[in-house]
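*Asks:* I have a structure I would like to understand better, so I am pasting it below and will then ask my questions one at a time.
Only the coordinates and a few stated rules stand behind these numbers; no lab work does. Source: prediction; values computed, not measured. Positions of Cβ are generated from backbone atoms using ideal geometry, with glycine treated the same way; all protein chains shown enter the neighbour counts.
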Amino acid sequence: MSKRAYNFCAGPAALPEAVLLRAQAELLDWHGKGLSVMEMSHRSDEYVAIAEKAEQDLRDLLAIPSNYKVLFLQGGASQQFAQIPLNLLPEGGVADYVDTGIWSRKSLEEARRFGNVNLAASGKVCNYFDIPAQSEWQLTKGAAYLHYASNETIGGVQFDWVPESAEVPLVVDMSSDILSRPIDVSRYGLIYAGAQKNIGPSGLVVVIVREDLIGHARAACPTMLDYKVAAEHASMYNTPATFSWYLSGLIFEWVKEQGGVAEMERRNRAKQELLYRFIDGSDFYSNPVAPAARSWMNIPFRLADEKLDKAFLAGAEERGLLNLKGHRSVGGMRASIYNAVGLDAVQALVTYMAEFEKERG
Ligand SMILES: *Cc1c(COP(=O)(O)O)cnc(C)c1O
């Protein structure tokens, strides 16, 4: 048996061991067909069945209504920063964006290349440690859409509410918290998520889009970026990221077997509670985010003396606690505790943090 470390990486992130073992068992000879999924034609009956099952399992998990298309695309979440305005923002139109941190800012900066972006609200006023209340947002009447990021992976700031947007389609970057708890898909016009946080391997982005928002791409939109083309070809206009799609399907099956997104919510609630409670109970560790806006998935924290950061990380690594270094723009530490990171990992982390504080704090 190999020894698997506890991996707190923000992305590409930990995957469930059971899924990796299954992929390993199927790697050379998928279901007795004598070849690997990686070697199959994406047009083959076998692969089409794999792709369709993955979509159906995701539909089951999130109770996706039938008037939404599920697309398995390439280019990561970052490609969507351009693809969304190219499809949803008409020439001369306005899109509202909410800035709660690095990812939502990147998306709005990209959208500015294609049209008018109204900065509806910004967390800048509170150093991005909180989310401005919707009553303070400056929304545009008749906007093409309203965009926000439900979880800021770097800052560790997460919405625990869904913005009200009755008339204007709500567009959300859910890259780092999709499948972490139940959602009501019908509240959104479009949901997108890069796979490598909570879904599967990198190289894939999942887009869940309401049908009436498809078919309005600008004339200059590249064929490959037109949602209509992707939808009409079942995400196979060109060769899709076949292995990433397959592996994501194994993750969807795994989440279902575990008890679905309601069970993920129960586990994730317990995991974040343990870590935040420990941090808040210590004078040595701190997290600056307003309690109601704290992320369940990405938990940044600081040591009282940053000169100890190196020793903390070295000691963590010795114990098999990997990738705790914070994002270069923020410093400090960050523990990403997605679905595949168990309570045992968080317990091991808290035990180490307590020991380190006792010795060096
Ligand atoms: C990781 C991440 C992205 C970027 O994803 P890529 O697939 O690397 O383009 C965008 N938004 C959020 C919220 C993320 O966590």
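*Asks:* With the dipole of segment 238-318 worked out from charges on the C-beta (+1 for Lys and Arg, -1 for Asp and Glu) around the Cα centre, which of TYR276, PHE243, GLY259 lies farthest toward the positive end?
*Replies:* GLY259
*Asks:* Convex hull over the Cα atoms of the chain, averaged projected area in nm²?
*Replies:* Averaging across all directions leaves 18.5 nm² for the Cα convex hull.
*Asks:* Still on this structure: On a 31 Å Cα-Cα criterion, which of the cross-link pairs LYS141/LYS256; LYS124/LYS358; LYS106/LYS228; LYS141/LYS271 come out too long?
*Replies:* Details: LYS141/LYS256 40 Å; LYS124/LYS358 36 Å; LYS106/LYS228 25 Å; LYS141/LYS271 40 Å.
Checking Cα-Cα distances, LYS141/LYS256; LYS124/LYS358; LYS141/LYS271 exceed 31 Å.
*Asks:* Please compute the net charge surrounding GLU17, taking Lys and Arg as +1 and Asp and Glu as -1 over other residues with Cβ under 13 Å from its Cβ.
*Replies:* +2
*Asks:* Where both residues lie in segment 85-167, what percent of DSSP beta bridges are antiparallel, nearest 5?
*Replies:* On the way: 2 of 10 bridges.
In segment 85-167, approximately 20 percent of DSSP beta bridges are antiparallel ones.
*Asks:* Can you give the FRET efficiency for SER41 and SER202, using 1/(1 + (r/R0)^6), R0 = 22 Å, r = Cβ-Cβ distance, to the nearest 0.05?
*Replies:* The computed FRET efficiency comes out at 0.45.
*Asks:* How big is the gap, in Å, between the Cα center of segment 55-97 and the Cα center of segment 28-51?
*Replies:* 27 Å
*Asks:* Would you list TRP103, TRP137 from fewest to most Cβ contacts within 10 Å?
*Replies:* Fewest to most other Cβ atoms nearby, the residues stand as TRP137, TRP103.
*Asks:* Name the aspartates and glutamates eligible as straight-distance cross-link partners of LYS53: C-alpha to C-alpha under 20 Å, and not fewer than 8 places from it in the same chain.
*Replies:* Counting by Cα, and skipping residues close in sequence, LYS53 has these aspartates and glutamates nearby: GLU26, ASP29, GLU39, ASP45, GLU232, GLU253, GLU257.
*Asks:* Turning to a different aspect of this structure: For an R0 of 30 angstrom, estimate the FRET efficiency from the Cβ-Cβ distance between LYS358 and ALA18 and round to the nearest 0.05.
*Replies:* 0.30
*Asks:* OK, next. Taking the Cα centre of segment 15-104 as the origin, how large is its charge dipole in debye, to the nearest 20, when only Lys and Arg (+1) and Asp and Glu (-1) carry charge on their Cβ atoms? Numbers along the way, then the final one.
*Replies:* Details: 6 positive and 13 negative charges, 18 e Å.
Rounded to the nearest 20 debye, it is 80 debye.
*Asks:* Right, something else. GLN134 versus THR351, label points 7 Å from Cα toward the beta carbon: distance in nm?
*Replies:* 4.3 nm
*Asks:* Students often get this wrong: which residues of segment 319-361 have the backbone nitrogen under 20 Å from the point 7 angstrom along Cα-to-C-beta of ASP283?
*Replies:* Flagged as within label range: 353-361.
*Asks:* From Cα coordinates alone, what are the radius of gyration and Dmax values for segment 40-189 in angstrom?
*Replies:* 16.6, 54
*Asks:* Treat the count of other C-beta atoms within 10 Å as a stand-in for reagent exposure and order ARG4, ARG267 from fewest to most.
*Replies:* Going from sparsest to densest Cβ surroundings: ARG4, ARG267.
*Asks:* Round to the nearest 0.05 the FRET efficiency obtained for LYS141 and ARG113 when R0 = 25 Å and r is the Cβ-Cβ distance.
*Replies:* E(calc), rounded to 0.05, equals 0.55.
*Asks:* Gain in length, GLU164 to LEU308, computed as 0.36 nm per residue apart minus the alpha-carbon separation, to one decimal in nm?
*Replies:* 47.5 nm
*Asks:* Is segment 22-80 rounded, prolate or oblate when judged by the Cα gyration tensor, a ≥ b ≥ c being the square roots of its eigenvalues, rounded requiring a/c under 1.5 and prolate requiring a/b larger than b/c? Mind showing how you got there, number by number?
*Replies:* Working: a/c = 2.21, a/b = 1.68, b/c = 1.31.
Here segment 22-80 falls in the prolate category.
*Asks:* Give, in nm to one decimal, the length gained when the segment between HIS31 and LYS53 is fully stretched (0.36 nm per residue of separation minus the Cα-Cα distance). Could you put the intermediate results ahead of the total?
*Replies:* Values: separation 22, 0.36 × 22 = 7.92 nm, distance 1.48 nm.
Separation in residues times 0.36 nm, less the Cα-Cα distance, equals 6.4 nm.
*Asks:* Quick one: give the max-minus-min coordinate of the C-alpha atoms of segment 111-185 along each principal axis, largest first, in Å.
*Replies:* So the extents along the principal axes, rounded to whole Å, are 31, 30, 27.
*Asks:* Magnitude of the Cβ-charge dipole of the chain, K/R +1 and D/E -1, about the Cα centre, nearest 20 debye? Write out the running numbers ahead of the final one.
*Replies:* Numbers: 36 positive and 44 negative charges, 111 e Å.
Dipole of the chain, to the nearest 20 debye: 540 debye.
*Asks:* Would you please classify the overall shape of segment 138-280 from the alpha carbon gyration tensor, given that a ≥ b ≥ c denote the square roots of the eigenvalues, rounded means a/c under 1.5, and beyond that prolate means a/b larger than b/c while oblate covers the rest? Please report the intermediate quantities before stating the final value.
*Replies:* On the way: a/c = 2.20, a/b = 1.28, b/c = 1.71.
Cα axes put segment 138-280 in the oblate bin.
*Asks:* How fast does segment 251-361 diffuse by Stokes-Einstein, in µm²/s, taking the Kirkwood radius from C-alpha pairs at 20 °C and 1.002 mPa s?
*Replies:* Values: Rh = 14.7 Å.
Here the translational diffusion coefficient equals 146 µm²/s.
*Asks:* Can I ask one more? Quote the charge dipole size of segment 261-348 about the Cα centre in Debye, to the nearest 20; the model charges only the Cβ of Lys and Arg (+1) and of Asp and Glu (-1). Intermediate results must be reported in sequence, preceding the final value.
*Replies:* Details: 13 positive and 11 negative charges, 41 e Å.
Charge dipole of segment 261-348: 200 debye, to the nearest 20.
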